[in-house]
């Protein structure tokens, strides 16, 4: 079994945003599509919504009117479930309720032929459990699309325990034919994305719980230093605080309350207050027309340093070049540390220890730690965290180093691994755990996070770039500071760090 052919009919059940989006994807791939919704008139509205969406693409010159007409012409509205009998593939995108889904698929088994592939777009339910009540579970598979389906490339292909491997392969190949980026994932809670992504939200929320910074500063750092399209507070406001909190609680419960997935009290309070984000008009941010936008915190600009010494194993070379272009005299030397010395301050890339403890352990005067950046050659903002004895003048001097390179500098309280570094380390750790448990490959992790949620770099590729040994050390230090099993390193990461191996062969650390 290779892939479904264009002449074969696809059926989509559920004409909401996700179902209509999937129908559009299938129609754009050349299939006749039957769109059904149990609510009278909903399928017609879904088709009209596709028409409007395509009209917008015509207006932007991305497709022509003939292409639009052809796609819409391939989408038919079904008014009864029995009309789906000739479908080669039926994809449901309905309410996340086990009993409702099982009842639907039981009806479909009576209506459709034995060779029909039945698929669920579930994001939180077990594919195996949905299929457990079916008479042909071998024909059942998970196809988890991401919203908006016509735009987002990723589809998680999730075989259940009874799924025929040929069916899973056909589903995978069909998604490729639909111009998607399929990733095969084992049937476990959260699959890949909803599991690996938990630290992206959790670490920002953790810093807010510690009052290390405010939401707007955290979001700015994740965008302008980490390279993410949105910060966690912005993104959860967009998703809906209630929706994101529910997913976290679901994954937390499914993993027997593993502290790696512990829900946030900050987010719980927002949900309890009804501050659900954009849809309620208020979440971390206010969305009324007269709301005043808060600015990220910054340290005011100070005089640039005349000369600096930079020790690096390579990570800070782009920053050194940036400073030199700004007219700063930079003395470089190769070493295992990532440090900057000058004007009486000692700047160092965080390794997960508290700045205050590290200063005492290393007898470093005026120690100020800085955060990891996606690219020190182009980032627009950086976070610093001074040790407790460091005074305001030294903090200003430290900030001036990065300001000379054209960055805005936000000061955090002395928290281990600041923000981007702790987030990347935890994302990489969760990705390594997924590989260790056979959920997917290392390439699958990175493809899922890049194509499913638009990460600027796959977590495991990022770990390879900064060094898996460094990531391991950061996690061990985080665990030591907090005494929290949440930060325990994955066995796979430990193995990679011990052997000096890379998750992606051919990469360079």
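The values are calculated or read from the model by the stated rules, or taken from the named source; none is laboratory data. The structure presented is a predicted model; accordingly, all values stated were derived computationally and were not measured. Heads up, the Cβs are rebuilt from the backbone with ideal geometry, glycines too, and the neighbour counts pull from every protein chain shown.
The rows are residues; the columns are (1) closer than 21 Å to residue 35 by Cα; (2) without any contact (Cβ under 8 Å) to a residue 24 or more places away in the chain; (3) more than 33 Å from the chain's Cα centre (by Cα).
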| residue | (1), (2), (3) |
| --- | --- |
| 73 | yes, yes, yes |
| 78 | yes, no, yes |
| 100 | yes, yes, no |
| 105 | yes, no, no |
| 110 | yes, yes, yes |
| 115 | yes, no, yes |
| 122 | yes, no, no |
| 140 | yes, no, no |
| 147 | yes, no, no |
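Take residue 368 and tell me if it is free of Cβ contacts under 8 Å to residues at least 60 places away in the same chain and in a helix (DSSP H, G or I). Here the answer is no, as residue 368 does not meet what is asked. Scanning the stretch 184-196 for residues that are surrounded by fewer than 24 Cβ atoms within 10 Å (Cβ to Cβ) and under 27 Å from residue 217 (Cβ atoms) yields 193, 194.
For the stretch 206-216, enumerate the residues that are surrounded by fewer than 24 Cβ atoms within 10 Å (Cβ to Cβ) and either touching a strand residue (DSSP E or B) at 6+ places or on another chain (Cβ under 6 Å) or on the phi < 0 side of the Ramachandran plot (or both).
Step one: filter the stretch 206-216 for residues surrounded by fewer than 24 Cβ atoms within 10 Å (Cβ to Cβ), giving 206, 208-212, 214-216.
Once the filter is applied, which keeps residues that are surrounded by fewer than 24 Cβ atoms within 10 Å (Cβ to Cβ) and either touching a strand residue (DSSP E or B) at 6+ places or on another chain (Cβ under 6 Å) or on the phi < 0 side of the Ramachandran plot (or both), the stretch 206-216 yields 206, 208, 209, 210, 212, 214, 215, 216.
All conditions but one from (1) buried (at least 19 other Cβ atoms within 10 Å of the Cβ); (2) assigned to a loop (DSSP other than H, G, I, E, B); (3) more than 29 Å from the chain's Cα centre (by Cα) apply to residue 35; the one that does not is (2). When you scan the stretch 340-350, do you find a residue that is exposed (fewer than 15 other Cβ atoms within 10 Å of the Cβ), touching a residue at least 24 places away in the same chain (Cβ under 8 Å) and not assigned by TED's automatic domain parsing to the domain that holds residue 475, even just one? Checked against the condition, which is being exposed (fewer than 15 other Cβ atoms within 10 Å of the Cβ), touching a residue at least 24 places away in the same chain (Cβ under 8 Å) and not assigned by TED's automatic domain parsing to the domain that holds residue 475, the stretch 340-350 yields at least one hit. Out of all the residues in the stretch 397-407, is one or more over 30 Å from residue 428 (Cβ atoms), touching a helix residue (DSSP H, G or I) at 6+ places or on another chain (Cβ under 7 Å) and either modelled with pLDDT of 95 or more or surrounded by fewer than 22 Cβ atoms within 10 Å (Cβ to Cβ) (or both)? Looking for residues that are over 30 Å from residue 428 (Cβ atoms), touching a helix residue (DSSP H, G or I) at 6+ places or on another chain (Cβ under 7 Å) and either modelled with pLDDT of 95 or more or surrounded by fewer than 22 Cβ atoms within 10 Å (Cβ to Cβ) (or both), one finds at least one in the stretch 397-407, hence yes. Note on the stretch 214-230: among residues that are farther than 18 Å from residue 385 by Cβ and assigned to a loop (DSSP other than H, G, I, E, B), the one that is farthest from the chain's Cα centre (by Cα) is 227. Annotation: residue 109 fulfils all but one of (1) assigned to a loop (DSSP other than H, G, I, E, B); (2) over 26 Å from residue 251 (Cα atoms); (3) touching a helix residue (DSSP H, G or I) at 6+ places or on another chain (Cβ under 9 Å); the unmet one is (1). Return the residues of the stretch 427-442 that are part of a loop (DSSP other than H, G, I, E, B) and more than 19 Å from residue 126 (Cβ to Cβ); say none if nothing qualifies. Scanning the stretch 427-442 gives a single hit, 441.
Are there strands (runs of 3 or more DSSP E) fully within the stretch 271-351 with at least 2 residues that are modelled with pLDDT of 95 or more and within 31 Å of the chain's Cα centre (by Cα)? List them. Spell out the reasoning first.
Values: elements: 307-312, 329-334, 339-342, 345-349.
By residue number, 345-349.
Suppose we keep only residues that are assigned to a helix (DSSP H, G or I) and more than 13 Å from the chain's Cα centre (by Cα) within the stretch 414-426. Which one would you say is farthest from residue 501 (Cα to Cα)? Checking each candidate, the answer is 420. One residue stands out among those in the stretch 96-110 that are more than 18 Å from residue 144 (Cβ to Cβ) and touching a strand residue (DSSP E or B) at 6+ places or on another chain (Cβ under 9 Å): the one that is surrounded by the most Cβ atoms within 10 Å (Cβ to Cβ), which is 108.
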